[in-house]
Amino acid sequence: MNPYRFENQNREIVLSRYNMPTPWMNYLSNGTLHAMLSQAGGGVAWYRSPQIWRINHYRFFHLPTDRSGFYTYIKDGNAVWCPTSEPCACKPEKWEAAHGMGYTRFTAERDGLRTEVTYLVSPLKNVMLWHLELRSDRDRDVTIYPYVELGMMEFMRELQWQCYNKHQLSVYEKDGVLIYRYGVENQPKPDETPLVYFASDAPAAGFDCDRDEFVGSYRSEEAPVGLEHEHLKNSTLFGGDPCFALELPLTLRAGETKSLNIYLGTEMTESEISKSLAACKAPDFFTASMQKLAATWEDFFSGFQCSLPDKDAETMINIWNPYQMERNFRFSRNISYYATGTFRGIGVRDTAQDVLAMIPLQLDRAKEKFELLLTQQYQDGHCNHYFFPTEGWEPVTRIHSDNHLWLVMDAYHIALEEGNVSYLDTKAPYFDGGSGTIWEHIKQSIRFTTQNMGAHGFPLMLSSDWNDMLYKVCRKGKGESIWTGMQFAVALRMMQELAEHMGEPEFAAECKALYARQQALCRTLAWDGAWFRRCITDEGRFIGSESEPQAKIWLNTQSWAVLSGLGTQEQQRQAMNSVKEYLDTDLGIKKIHPAMTTDYPTKEENLTCYNKGCGENGSVFCHANTWAIIAECMLKRPENAWKYYHQLLPMVAQKTAGAERYKAEPYVYSSNIFGPESDKFGLANVSWLTGTAAWMYLAATQYLLGVRPTWDGLEIDPCLPEHLLPAKVTRVFRGCRYEITITKNQKLLLPHVDGRKQLSVTV
């Protein structure tokens, strides 16, 4: 039996078993307080940054336990169990979990006691709210024990210095509220470090703040020793291993439903905690929080909706893909079940791509994030690789050949969405001092690339390009990226258009000439006869050639030869035919073929340490697959485009691979899937926070469905197989709500009319 079902009317996925092959996560957030929560109650919460203000422990890669998390123990006579199923050995007789838009709900029943607990981060206060409802078939007395194992806030400091620093922590009770004070010397931002509090609107009969007192020696969350005592010990902690545990006795009458709320929140002072709790304990706070959350997501989704004969695709395009895209936009690549959130801040390259997908749905948020990225650009045009605006740490200054060019794409698409270039006059600072307009910023992006060209005429790789694995081809500073040349060409086309609108014909002509130069090189030097080569090493060796013994063909230069228009029409079609012949599988397109061994090109200077079929060495790199989908749409080959899109729908890929092999969530995209040269072919890896989310959304909405902005209005240019027609699309664009029915693949321009609020049209 399928262990999950989609309930699209509620925008939920409902799970019927707790022990999934790997934790299936949800992200909860109000923009300041955040949490990651699994289908079994495991997870972690943090205030602003998971690096320096992480609230509780979560042991990454700690299967099969998926611990710790946000647990609510129910002591009913001699039985102790949890609505989350985990971590108790005693399990509910009936159980379901549901991940929704910004909340997760658990419904469980044992021995006639039915519980429902909903977890969310309130949009009204900085509090993670646990709302419990209990209904009993008979009179009974139960005790509720909410529990959180606290961490040391600074995750890396905890790993390195916990033997000293944990003795500077304090957890205490005041007026029925448990308060955690992180007071470690030399913490990064002591004035911005909050107090963490834990409380309930039900009266507490006891509490514990010392993890050793609640859990016990050689015990675990499965059977805490504190639950064996008549009452908790009211332990405080001034040095040691902290926790929050409350003891909440509750009397239930037969047929009666009672509710209570647990509050895990942050404020800067004790007086602010008191004020916040007073608001949280208002009778309608949970309802108001859920209503606000629902309204926020309803507004978000209203910008684009579709109706398709394929319900899996419809589910992804309407709900889970934009939801994942928004979560990724908010969190970048920082923290997930796979990424511990210890070393990455905001990546310029990564986030710039996330911005592209946010532009059609929430333009103001996209602009805000884009302007933040501009602060990492230097006057010469290059950018920091990633940076830490919340933590205040020094950025990673490594120079990649592609980072700054993504900024051009963001600026272009923002201007295109608005239909004018006025936004480009906005001023933004440079990282190394001074400021310039956005137009000046992106012109410098072009200048930097033109000033860093290699001996063959392609852009220098510098530290690497989009494929970080390729740093080994350019250690001497001479390696060139053919792919970056294609990305550069895309940016040049955009800049030419922008220059014409900005009234700079000379710069437009310059961009046109630079584009022609890359086009000539691509059609000759980059072409290998049946596909495009990938890059050139410091020694002048072409990687991605039939003459090479390994890594003969690479996906990205084939798709981007189409996206950029650099290849001839014949070359473009042949290149994508080669993709289908050598790279395509039932679970997506491999990044390279054949995968490399660790002695290629030489034992002394091997290109990879990845095993075959893993990561960038022959896995199905889902992010890169999106560009193949777009390329096939541009070539007007809907069957190919749809195949590549459909086979990577998470629920489809999981079914193809088998749930126990695929492992990851069937409702969000993964970064990669182990390829056929691995013995774990079909294993999905790094789900949730991946650039796949943004680009798959763009591929589906703007190329398969073909609804995309132009300077003059909304263009409809679908590329769908016959069996997917008719399709319907709703798109809000420049203040007008378009209702579009697509009956065939035909290009149509809907001119923008100022003041028009709604338009229905059939293609």
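Residues that are closer than 25 Å to Val127 by Cβ and small (Gly, Ala, Ser) number at least 1 in the following strands (runs of 3 or more DSSP E) confined to the range 1-84: 25-29, 33-38, 43-47. Exactly one residue among Asp208, Asp212, Asp137 is more than 22 Å from Gly42 (Cβ to Cβ) and either at pLDDT 95 or above or among the β-branched types (Val, Ile, Thr) (or both), and that residue is Asp137. Restricting Leu37, Leu63, Leu33 to those that are modelled with pLDDT under 95 and either hydrophobic (A, V, I, L, M, F, W, C) or outside the structural domain of Tyr197 (by TED's automatic domain parsing) (or both) reduces the list to Leu63. What are the residues in the range 283-310 that are in contact with a strand residue (DSSP E or B) (Cβ under 6 Å, 6 or more places away or on another chain), within 20 Å of Met325 (Cβ to Cβ) and buried (at least 19 other Cβ atoms within 10 Å of the Cβ), if any? Phe304, Cys306, Leu308, listed by residue number. Across the range 421-462, the qualifying residues are those that are aromatic (Phe, Trp, Tyr) and surrounded by 19 or more Cβ atoms within 10 Å (Cβ to Cβ), and the one among them that is nearest to Thr484 (Cα to Cα) is Phe458.
The C-beta contact set for the range 624-653 (first residue free of Cβ contacts under 8 Å to residues at least 24 places away in the same chain and at positive phi, second residue buried (at least 24 other Cβ atoms within 10 Å of the Cβ) and among the basic types (Lys, Arg), distance under 9 angstrom, 6+ apart or interchain) is empty. Show the residue pairs meeting these rules: Cβ distance below 7 Å; 6+ apart or different chains; first residue within the range 687-706 and touching a residue at least 60 places away in the same chain (Cβ under 8 Å) and under 26 Å from Ser336 (Cα atoms); second residue in a loop (DSSP other than H, G, I, E, B) and of a type in the set (D, E, K, R). Within 7 Å, the pairs are Ser687/Glu665; Leu689/Arg333.
Among the residues making up the range 708-763, a single one is touching a residue at least 60 places away in the same chain (Cβ under 8 Å), touching a Leu at 6+ places or on another chain (Cβ under 8 Å), β-branched (Val, Ile, Thr) and under 14 Å from Ser307 (Cα atoms): Val729. Only one of the listed residues (Lys643, Lys636) is modelled with pLDDT of 95 or more, in a loop (DSSP other than H, G, I, E, B) and surrounded by fewer than 24 Cβ atoms within 10 Å (Cβ to Cβ). That residue is Lys636.
Consider Arg398 carefully, then state whether it is within 23 Å of Tyr667 (Cα to Cα) and not in a helix (DSSP H, G or I). The answer is no for Arg398. Looking across the range 371-406 at every residue that is aromatic (Phe, Trp, Tyr) and crowded, with 20+ Cβ neighbours inside 10 Å, the one that is farthest from Ile346 (Cα to Cα) is identified as Trp406. Within 13 Å of Glu173 (Cα to Cα) and crowded, with 21+ Cβ neighbours inside 10 Å: does that describe Val196? Judged against the criteria, Val196 is a match.
To keep it simple, each residue is scored yes or no on (1) at pLDDT 95 or above; (2) in a helix (DSSP H, G or I); (3) under 28 Å from His752 (Cα atoms).
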{"residue": "Leu372", "(1), (2), (3)": "yes, yes, no"}
{"residue": "Ala415", "(1), (2), (3)": "yes, yes, yes"}
{"residue": "Asp432", "(1), (2), (3)": "yes, no, no"}
{"residue": "Gly436", "(1), (2), (3)": "yes, no, no"}
{"residue": "Asp465", "(1), (2), (3)": "yes, no, no"}
{"residue": "Lys472", "(1), (2), (3)": "no, yes, no"}
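All conditions in (1) farther than 29 Å from Asn321 by Cβ; (2) of a type in the set (Ser, Thr, Tyr); (3) touching a His at 6+ places or on another chain (Cβ under 8 Å) hold for Thr598, with the sole exception of (3).
Counting only strands (runs of 3 or more DSSP E) that sit completely within the range 677-757, those holding 3 or more residues that are crowded, with 16+ Cβ neighbours inside 10 Å correspond to 684-687, 707-709, 713-716, 727-733, 736-742. Reported count of residues in the range 616-629, each being crowded, with 24+ Cβ neighbours inside 10 Å and in a helix (DSSP H, G or I), is 6.
Got at least one residue in the range 56-70 being out of contact with any His (no Cβ under 7 Å at 6 or more places or on another chain), over 18 Å from Tyr337 (Cβ atoms) and surrounded by 20 or more Cβ atoms within 10 Å (Cβ to Cβ)? Within the range 56-70 (the criterion being out of contact with any His (no Cβ under 7 Å at 6 or more places or on another chain), over 18 Å from Tyr337 (Cβ atoms) and surrounded by 20 or more Cβ atoms within 10 Å (Cβ to Cβ)), the answer is no, since none of the residues qualifies. Among the residues making up the range 717-763, those that are in contact with a strand residue (DSSP E or B) (Cβ under 9 Å, 6 or more places away or on another chain) and basic (Lys, Arg) are Lys728, Arg731, Arg734, Arg737, Lys747, Arg756, Lys757. Cβ-Cβ contacts under 9 Å between residues 6 or more apart (or on different chains), taken from a first residue in the range 478-504 that is closer than 15 Å to Leu566 by Cα and outside the structural domain of Ile446 (by TED's automatic domain parsing) to a second residue that is among the basic types (Lys, Arg) and assigned to a helix (DSSP H, G or I), are listed as Leu492/Lys512; Arg493/Lys512. Every condition in (1) surrounded by 22 or more Cβ atoms within 10 Å (Cβ to Cβ); (2) under 19 Å from Met634 (Cα atoms); (3) not hydrophobic (A, V, I, L, M, F, W, C) is met by Lys591 except one, and the failing one is (2). Among the residues of the range 611-633, what is the count of those that are in contact with a helix residue (DSSP H, G or I) (Cβ under 7 Å, 6 or more places away or on another chain) and at pLDDT below 95? Residues that pass the stated criteria total 1.
Checked against (1) closer than 19 Å to Leu689 by Cβ; (2) surrounded by fewer than 22 Cβ atoms within 10 Å (Cβ to Cβ), Ser85 passes all but condition (1).
For the range 255-291, name all the residues that are in a helix (DSSP H, G or I) and either in the same structural domain as Asp364 (by TED's automatic domain parsing) or among the small types (Gly, Ala, Ser) (or both). Residues satisfying the conditions are Ser271, Ser274, Ser276, Ala278, Ala279, Ala288, Ser289. Tell me, which residue of the range 656-676 that is among the charged types (D, E, K, R) and at negative phi is surrounded by the most Cβ atoms within 10 Å (Cβ to Cβ)? Among those that are among the charged types (D, E, K, R) and at negative phi, it is Glu665.
The residue that is farthest from Met156 (Cα to Cα), among those in the range 169-181 that are within 32 Å of the chain's Cα centre (by Cα) and in contact (Cβ under 8 Å) with a residue 60 or more places away in the chain, is Ile179.
Go through the range 494-519 and count every residue that is over 34 Å from the mean Cα position of the chain (by Cα), under 15 Å from Ala415 (Cβ atoms) and among the aliphatic types (A, V, I, L, M). Total satisfying the criteria: 2.
If the condition is being farther than 16 Å from Ser578 by Cα, buried (at least 16 other Cβ atoms within 10 Å of the Cβ) and touching a residue at least 40 places away in the same chain (Cβ under 8 Å), then the range 524-542 contributes Leu525, Cys535, Ile536, Thr537, Asp538.
The values are calculated or read from the model by the stated rules, or taken from the named source; none is laboratory data. The structure presented is a predicted model; accordingly, all values stated were derived computationally and were not measured. Neighbour counts run over all protein chains shown; Cβ positions are idealised from the backbone, glycine included.
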